[in-house]
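Remarks on the structure that follows.
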Amino acid sequence: MAKKIGYAVVGLGVGRSHAKAAHNSENADLIAVCDLLPEKLEQAKELYPDVLTYTDFTTMLKNPDIDIVSIAVPSGDHAKLAVEALEAGKNILVEKPIDITVEAAMKIEEARVRTGKIAGVVHQNRNNANMKPIREAIGKGEFGNIYYGDFEVKWHRSQKYYDDGGWRGTWKMDGGGSLMNQAVHTVDIMQWLMGDIESITSLIGIYAHRIDTEDFTASLIKFKSGSAATFVSTTNAFPGLNTGVKLYGTKGSIECDGDTILLWKREGAPEDEEETMKANYSGNSAAAALDPTLCTGHTSMVEDIISAVKDGREPQIMPLEAVKSVRIVNAVYESAKTGKTVYFD
Ligand SMILES: NC(=O)c1ccc[n+]([C@@H]2O[C@H](COP(=O)([O-])OP(=O)(O)OC[C@H]3O[C@@H](n4cnc5c(N)ncnc54)[C@H](O)[C@@H]3O)[C@@H](O)[C@H]2O)c1
């Protein structure tokens with residue numbers, strides 16, 4: 001039997017989902033976990049008695065049995081740890097956002113090219129059940145020209161959520177607030193569905209939390225195609241409302257809440273098409289708007305990096321693809337801070 005891929009995880013917050021997926025994978029062994037906090041390591045040891053535990057990342061990287069490291073530490077440290085892992089000869093899967101600045105994210109890309117190792121990034125919402133048929137249908141022009149998209153991430157996070165860990169809601173380590181942390185998934189979906197951006201005009205604010213960054217953003221976006229979008233993000237929407245992905249074309253409209261199709265209306269479509277789409281291509285991740293621990297979907301990303309390494313192929317989401325949402329988020333902040341429209345190259 002072929003040797004299983006050796007998997008390690010650094011950062012045991014959401015990193016616990018990576019560890020679970022690697023442990024459950026037929027093609028991988030969860031070999032090691034690393035966290036600065038001994039109690040997190042003890043919890044991991046209870047779940048996975050054979051796992052090696054480390055408080056020092058550099059020491060863990062010396063273990064020759066590790067093929068892949070999931071990087072799930074606070075966002076502002078992603079590039080630092082990712083580059084170190086690549087230089088140590090490991091393949092990596094980096095949590096979203098790839099890092100909080102384009103410059104830092106590009107260091108991961110440069111290290112990937114330099115080392116020839118495989119680097120993937122987690123944007124698991126692309127694998128939601130509704131996304132593939134939506135992308136295919138709009139790509140084939142079945143909804144005509146998508147002239148307008150309306151995106152809203154109306155979630156709720158408590159003050160305790162920001163206080164725990166101390167890094168969330170800081171410019172230095174979170175790189176932003178509701179947009180960089182929570183809504184970056186939907187920013188990724190927006191650019192993936194609607195294409196390259198021409199300009200962004202935004203405002204941001206802090207309304208319900210003691211944080212440095214923002215808990216509300218609103219943006220007007222123009223695409224190079226000539227289409228437009230509006231994008232709102234907040235962590236103030238008690239008790240956690242919705243993740244709106246709404247696309248309006250010249251021949252029809254699609255409205256979703258996260259991975260759930262609410263409306264699928266297409267001129268000339270068979271009568272039962274909407275019901276079929278709702279029944280066959282909807283999921284249930286809207287619950288994550290209420291509770292961050294309910295975020296699912298990591299299994300698909302962990303399985304993807306494992307099979308990419310096993311088969312020597314590219315992973316689903318490469319660093320250059322993940323940089324796009326970081327560039328967009330930072331353009332929103334720049335526009336809000338300067339009061340000017342930000343134009344893309
Ligand atoms: N894909 C998703 O849906 C999703 C969901 C939540 C978080 N995230 C991302 O995952 C990352 C972590 O977020 P979180 O909410 O799990 O944070 P967290 O604070 O809950 O957990 C981070 C852990 O990393 C540890 N850590 C920090 N620096 C370390 C280091 N140098 N070496 C070892 N351990 C270190 C901390 O002790 C902590 O246990 C962030 O980038 C966040 O954006 C993604």
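The values are calculated or read from the model by the stated rules, or taken from the named source; none is laboratory data. Since this is a predicted model, take the numbers as computed values, not measurements. Glycine also receives a Cβ, built like all others from the backbone with ideal geometry; neighbour counts cover every protein chain displayed.
Here residue 179 meets each of (1) under 20 Å from residue 227 (Cβ atoms); (2) buried (at least 20 other Cβ atoms within 10 Å of the Cβ) with one exception, condition (1).
Here residue 174 meets each of (1) in contact with a helix residue (DSSP H, G or I) (Cβ under 7 Å, 6 or more places away or on another chain); (2) farther than 26 Å from residue 83 by Cβ; (3) part of a loop (DSSP other than H, G, I, E, B); (4) not β-branched (Val, Ile, Thr) with one exception, condition (2).
Residues in the stretch 10-45 that are under 18 Å from residue 310 (Cα atoms) and either of a type in the set (Phe, Trp, Tyr) or within 10 Å of the ligand (Cβ to nearest atom) (or both): 18 alone. In the stretch 186-201, the count of residues that are without any contact (Cβ under 8 Å) to a residue 60 or more places away in the chain and either more than 13 Å from residue 150 (Cβ to Cβ) or hydroxyl-bearing (Ser, Thr, Tyr) (or both) is one or more. Looking at 164, 188, 196, 212, just one residue is among the charged types (D, E, K, R) and modelled with pLDDT under 95, and that residue is 164.
Answer yes if at least one residue in the stretch 141-148 is at pLDDT below 95, surrounded by fewer than 19 Cβ atoms within 10 Å (Cβ to Cβ) and out of contact with any helix residue (DSSP H, G or I) (no Cβ under 6 Å at 6 or more places or on another chain), and no otherwise. No; the residues of the stretch 141-148 include none that is at pLDDT below 95, surrounded by fewer than 19 Cβ atoms within 10 Å (Cβ to Cβ) and out of contact with any helix residue (DSSP H, G or I) (no Cβ under 6 Å at 6 or more places or on another chain). Only a single item in (1) more than 28 Å from residue 87 (Cα to Cα); (2) among the hydrophobic types (A, V, I, L, M, F, W, C); (3) part of a helix (DSSP H, G or I) is not met by residue 180, and it is number (1).
Given the options 317, 306, 254, name the one that is of a type outside the set (Gly, Ala, Ser), modelled with pLDDT of 95 or more and in a helix (DSSP H, G or I). Even if it seems obvious, please write down each step before you answer.
Working: 317 fails: in a helix (DSSP H, G or I); 254 fails: in a helix (DSSP H, G or I).
Exactly one of 317, 306, 254 is of a type outside the set (Gly, Ala, Ser), modelled with pLDDT of 95 or more and in a helix (DSSP H, G or I), namely 306.
If we scan the stretch 68-77, do we find a residue that is over 22 Å from residue 307 (Cα atoms) and over 25 Å from the mean Cα position of the chain (by Cα)? No, that holds for no residue.
Taking residues in the stretch 141-154 that are assigned by TED's automatic domain parsing to the domain that holds residue 185 and free of Cβ contacts under 8 Å to residues at least 60 places away in the same chain, and partners anywhere that are of a type in the set (A, V, I, L, M) and crowded, with 21+ Cβ neighbours inside 10 Å, not one pair has Cβ atoms closer than 9 Å while being at least 6 places apart or on different chains. When restricted to residues that are surrounded by fewer than 23 Cβ atoms within 10 Å (Cβ to Cβ), in a helix (DSSP H, G or I) and touching a residue at least 24 places away in the same chain (Cβ under 8 Å), the stretch 22-43 contains 5. In the set (1) away from the ligand (no atom under 16 Å from the Cβ); (2) within 22 Å of the chain's Cα centre (by Cα), residue 203 fails one condition alone, (2).
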